[in-house]
Amino acid sequence: MSRIQNTLAALAQQGRQALIPYITAGDPRPGITVELMHALVDGGADVIELGVPFSDPMADGPVIQRANERALAHKTSLRHVVAMVAEFRKTNAATPVVLMGYANPVERWGYQDFAATAHAAGVDGLLVVDMPPEEAEPLANVLKANKIDPIFLMAPTTPVSRLQAIDRLASGYGYYVSLKGVTGASHLDLSNVAEKLAVIKQHLSIPVGVGFGIRDADTARSVAQIADAVVIGSRLVQEVEAGEDGLAERLTAFLKGVRAAMDTARA
Amino acid sequence: MNDFLRYDQPDLQGHFGQFGGIYVAETLMPALDELRIEYEKAKADPAFMAEYHHELKHYVGRPSPIYHAQRWSELLGGAQIYLKREDLNHTGAHKVNNTIGQALLARRMGKKRVIAETGAGQHGVATATVAARYGLECVVYMGAEDVKRQSPNVFRMKLLGATVVPVESGSKTLKDAMNEAMRDWVTNVDSTYYIIGTCAGPHPYPKLVRDFQCVIGEEAKLQMPEMIGRQPDYVVACVGGGSNAIGIFHPYVPVEGVRLIGVEAGGDGVETGRHAAPLTANVGTGVLHGNRMYLMQDEDGQVADTHSVSAGLDYPGVGPEHCYLKDIHRAEYVAVTDSEAIAAFHDLSRFEGIIPALESSHALAHAAKLAKTLPKDQVILVNLSGRGDKDIPTMARLAGIEL
């Protein structure tokens with residue numbers, strides 16, 4: 001079993017849901033990213049999603065677009081991001097790390113060399129936003145051969161036939177995008193999400209996380225009642241954008257509040 | 001034996017060899033499936049195609065004529081240059097061939113709102129035009145940099161009732177406008193049809209845009225024999241994303257003895273790195289805006305900034321079918337610099353009384369160079385993809401003139 005599978009299975013046994021925070025690597029500068037990853041763990045992160053900066057983040061809203069721009073101003077590359085994970089692993093062997101980004105940096109590096117290097121660095125999963133199952137089979141096979149879980153998105157528009165195609169390639173967990181839109185939008189509709197998750201769970205053999213539009217502890221608690229994992233991104237990136245003063249502490253404190261709310265969900 | 005007689009691209013998943021495909025976020029996949037299925041039905045529906053051709057004839061003014069640029073050819077002293085006059089279309093460029101087709105598709109699919117990206121503004125104008133014609137709400141995304149350098153087209157779009165959204169992210173040009181249009185589409189996918197203007201993007205767009213633009217080459221294939229008794233020796237067209245070029249090239253792909261030359265934007269010169277000529281510069285392949293193509297990028301896979309005096313060619317990638325035609329050696333690709341294109345702009349204006357778009361001026365510049373090296377009985381057909389009215393402020397600025 002992979003580190004992601006172990007982590008999610010252990011949580012499921014306790015009747016708890018995974019808290020998965022997202023930050024963009026290299027934002028606001030590369031030197032601080034590993035420290036922030038540890039701060040996320042201190043706040044109760046079960047898995048970390050680490051954004052790989054890209055020049056053309058088509059699926060992201062303004063908040064994460066600006067994070068990408070700040071990281072790219074420091075030339076943060078996919079190789080740097082992998083090196084950050086290796087640095088993080090020196091003091092944390094337990095928390096799974098998933099890289100999330102766009103296809104072209106992986107294309108440029110080359111699937112095999114990337115996957116081998118990333119696995120050696122301690123990367124556990126890869127989510128390529130703009131690579132649907134139709135195009136992802138070659139990459140997914142290379143990732144699996146290198147013990148990296150390929151993570152796939154599902155959307156409100158995804159029909160059952162596509163869920164089956166996703167289930168065939170995906171491992172680790174599936175990521176349900178709660179709304180039609182870009183990251184950072186704020187109109188998540190809980191009853192719609194619950195309805196769709198029920199369908200997804202019939203067709204997906206792995207845990208399902210929900211992301212997009214989760215901005216506070218209350219929403220996280222509600223989502224935790226219906227999903228296996230809660231992903232929070234833009235809200236955390238806004239903390240980063242607010243400046244470096246007390247940033248690690250602020251991230252930890254925010255996540256602790258979310259964690260506490262999620263853990264009361266099962267009571 | 002002609003290897004290209006059975007040319008049949010793309011495959012069912014939208015691949016032109018290793019290029020093309022569908023690289024988008026999951027949310028858009030069902031919409032692209034729906035578009036693919038609906039387009040195939042429409043193409044097979046005689047009523048739909050009849051309406052498309054009726055609109056091309058009565059609204060656009062097709063067929064566009066072919067004109068022998070006799071005086072300019074004589075001055076150059078070599079091959080004869082003929083111009084396929086897409087500049088005479090309603091809205092002043094080839095773009096409308098495609099926007100009519102896609103607007104009819106949007107209407108057929110029950111979409112009430114259309115969006116588009118635009119560089120020079122020609123596709124934005126063509127989209128705003130058909131949106132007015134068919135009563136559709138229209139939003140056009142345009143890089144803030146391009147809004148500045150193409151102000152007449154911005155105003156035209158507004159006159160036509162469209163909302164123009166300046167895009168401030170990234171390099172503030174065409175690629176950023178396309179990013180923003182994708183973001184709009186993913187948010188409003190139920191109500192909105194995305195009219196992509198070039199032969200790039202996720203499948204089925206490269207095929208669909210090509211099919212709607214092929215009217216250019218299909219007409220030329222009939223017109224040239226009427227005019228000169230045979231097909232041309234060369235067909236030359238400018239290539240940014242590549243829609244006007246694919247429209248005139250594609251029907252000629254199986255025709256033996258016709259050389260196809262795509263002309264990219266060389267900017268300050270390909271050797272300077274400040275250009276928009278991915279095919280000429282031999283850059284690697286990459287994935288952007290939903291498809292795999294030759295893509296200008298740095299060693300980390302970040303998309304490179306491009307440069308061209310012509311906003312419509314200022315794009316780091318190129319449609320997947322051009323990538324494929326290059327790889328199979330059916331088409332050749334070259335670049336001309338900003339200053340060569342500007343010289344051709346002046347030459348055609350002065351010697352033929354036709355003010356060409358700066359985009360098309362790239363094709364003209366290469367045709368002029370090529371003509372000088374050829375005997376007088378050789379024939380070069382240039383796709384004059386658009387007229388240059390929109391470039392008058394740019395040309396005035398370059399000349400230091402305040403209008």
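The values are calculated or read from the model by the stated rules, or taken from the named source; none is laboratory data. Please read all numbers here as calculations on a predicted model, not as lab measurements. Reconstructed Cβ throughout: ideal geometry from the backbone, glycine too, with neighbour counts over all protein chains shown. Ligands, DNA and RNA are excluded from the accessible area calculation, which covers all protein heavy atoms including side chains. Shrake-Rupley method; radii C 1.70, N 1.55, O 1.52, S 1.80 Å.
Mind grabbing the base-10 log of I(q)/I(0) for the range B:1-92 at q = 0.11, 0.22, 0.26 Å⁻¹? Debye formula, identical points on the C-alpha positions, no solvent, two decimal places.
-0.67, -1.05, -1.13
For chain B, give the share of DSSP beta bridges that are antiparallel, in percent and rounded to the nearest 5; count only bridges with both residues there.
That works out to approximately 30 percent antiparallel.
Once phi is turned into ³J(HN,Hα) by the Karplus curve 6.51 cos²θ - 1.76 cosθ + 1.60 with θ = phi - 60°, what whole-Hz value does each residue of the range B:300-309 show in order, with x for glycine and proline?
The phi angles translate into 8, x, 7, 5, 7, 6, 10, 9, 7, 5 Hz.
Can you give me the C-alpha center-to-center distance between the range A:36-108 and the range A:1-33, rounded to a whole angstrom?
Centre-to-centre (Cα) distance: 12 Å.
Using a Gaussian network model of chain B with C-alpha springs under 10 Å, which one of B:P63, B:P232, B:P30 is most mobile by mean-square fluctuation?
Answer for the Gaussian network model of chain B: B:P30.
Using a 10 angstrom Cβ neighbour count of at most 15 plus a DSSP loop assignment to flag exposed trypsin sites (Lys or Arg not before Pro), which longest range of chain B is free of such sites?
It runs B:231-375.
I need to check one value: relative contact order of the range A:86-182, counting alpha carbon pairs closer than 8 Å and at least 6 residues apart, in percent.
It comes to 26 percent, rounded to a whole number.
Tell me, what is the Rg over Rh of the protein assembly as shown, with Rh the Kirkwood radius over Cα pairs? Intermediate results must be reported in sequence, preceding the final value.
Details: Rg = 26.1 Å, Rh = 25.9 Å.
My calculation puts Rg/Rh at 1.01.
Shielding of A:125-132 by partners, i.e. mean partner chain Cβ atoms within 10 Å per residue? Intermediate values should be presented prior to the final figure.
Numbers: counts 0, 0, 0, 3, 4, 12, 7, 11.
Mean shielding by partner chains, rounded to a whole number: 5.
Determine the relative contact order of chain A: mean sequence separation of Cα pairs under 8 Å and six or more apart, normalised by residue count, in whole percent.
Relative contact order comes out at 24 percent.
Calculate one ³J(HN,Hα) per residue across the range B:323-337 by plugging θ = phi - 60° into the Karplus curve 6.51 cos²θ - 1.76 cosθ + 1.60, and present them in order as whole Hz with x for glycine and proline.
With the stated coefficients, the range B:323-337 comes to 4, 5, 4, 5, 5, 8, 6, 8, 10, 10, 10, 10, 10, 10, 7 Hz.
What does the structure give for B:146-158 when I average, per residue, the other chain Cβ atoms found within 10 Å of the residue Cβ?
0
As a test question: what accessible area, to the nearest 10 Å², does B:D184 have when a 1.4 Å probe is rolled over all protein chains in place?
That residue has around 10 Å² of solvent-accessible surface.
Go ahead and estimate [θ] at 222 nm for the protein assembly as shown from helices alone: -39,500 (n - 2.57) per DSSP H run with n ≥ 4, summed, over the residue count, rounded to 500.
-13500 deg cm²/dmol
Where both residues lie in the protein assembly as shown, what percent of DSSP beta bridges are antiparallel, nearest 5?
Counting DSSP beta bridges with both partners in the protein assembly as shown, the antiparallel share is about 20 percent.
As a test question: what accessible area, to the nearest 10 Å², does B:E168 have when a 1.4 Å probe is rolled over all protein chains in place?
120 Å²
What's the average, rounded to a whole number, of partner chain beta-carbon atoms within 10 Å of each residue's beta-carbon in A:52-64?
Mean shielding count: 6.
Using a 1.4 Å probe on the protein heavy atoms only, what accessible surface does B:H90 show? Give it in Å² to the nearest 10.
The accessible area of B:H90 comes to roughly 70 Å².
Can you give me the long-range amide H partners of B:Y141? Hydrogens built in the peptide plane at 1.01 Å from N, cutoff under 5 Å, separation of 5 or more residues or another chain.
B:A116, B:E117, B:T118, B:V165
Among A:S222, B:S385, what's the order by accessible area (1.4 angstrom probe), most exposed first?
A:S222, B:S385
For the range A:3-259, report the translational diffusion coefficient in µm²/s to the nearest whole number, using Stokes-Einstein at 4 °C, 1.567 mPa s, and a Kirkwood Rh over Cα pairs. Provide the component values of the computation, followed by the final result.
On the way: Rh = 17.9 Å.
Using the Kirkwood radius from Cα pairs, D works out to 72 µm²/s.
Filter the GluC sites (Glu not before Pro) in the range B:235-285 to those in DSSP coil with at most 15 other Cβ atoms within 10 Å of their Cβ, and list the result.
Numbers: sites: B:E256, B:E264, B:E271; in loops: B:E256.
Those that pass, being in a loop and sparsely packed, are B:E256.
Just give me a number: lysine pairs in the range A:3-259, eight or more positions apart or cross-chain, with C-alpha atoms less than 23 Å apart.
So the count of such lysine pairs works out to 4.
Please give every one of the aspartates and glutamates within straight-line cross-link reach of B:K84, meaning a C-alpha to C-alpha distance under 13 Å, and leave out same-chain neighbours fewer than 8 residues apart.
B:E218, B:E219
Note down the magnitude of the dipole of the protein assembly as shown about its Cα centre, charges +1 on Lys and Arg C-beta and -1 on Asp and Glu C-beta and zero elsewhere, to the nearest 20 debye.
800 debye
In whole angstrom, note down how far apart the Cα centers of the range A:241-266 and the range B:235-287 are.
Result: 52 Å between the Cα centres.
Express the relative contact order of the range B:99-192 as a whole percentage, based on alpha carbon pairs under 8 Å and six or more residues apart in sequence.
Numbers: 159 pairs, mean separation 29.7, N = 94.
Taking the mean separation of contacting Cα pairs over the length of the range B:99-192, I get 32 percent.
Roughly how many whole Å is it from the C-alpha centroid of the range B:169-190 to that of the range A:121-175?
Result: 24 Å between the Cα centres.
Report for the range B:187-315 the percent antiparallel among DSSP-assigned beta bridges with both residues inside it, nearest 5. List each step's numbers first, then the result.
On the way: 7 of 12 bridges.
Restricted to the range B:187-315, the bridges split so that about 60 percent are antiparallel.
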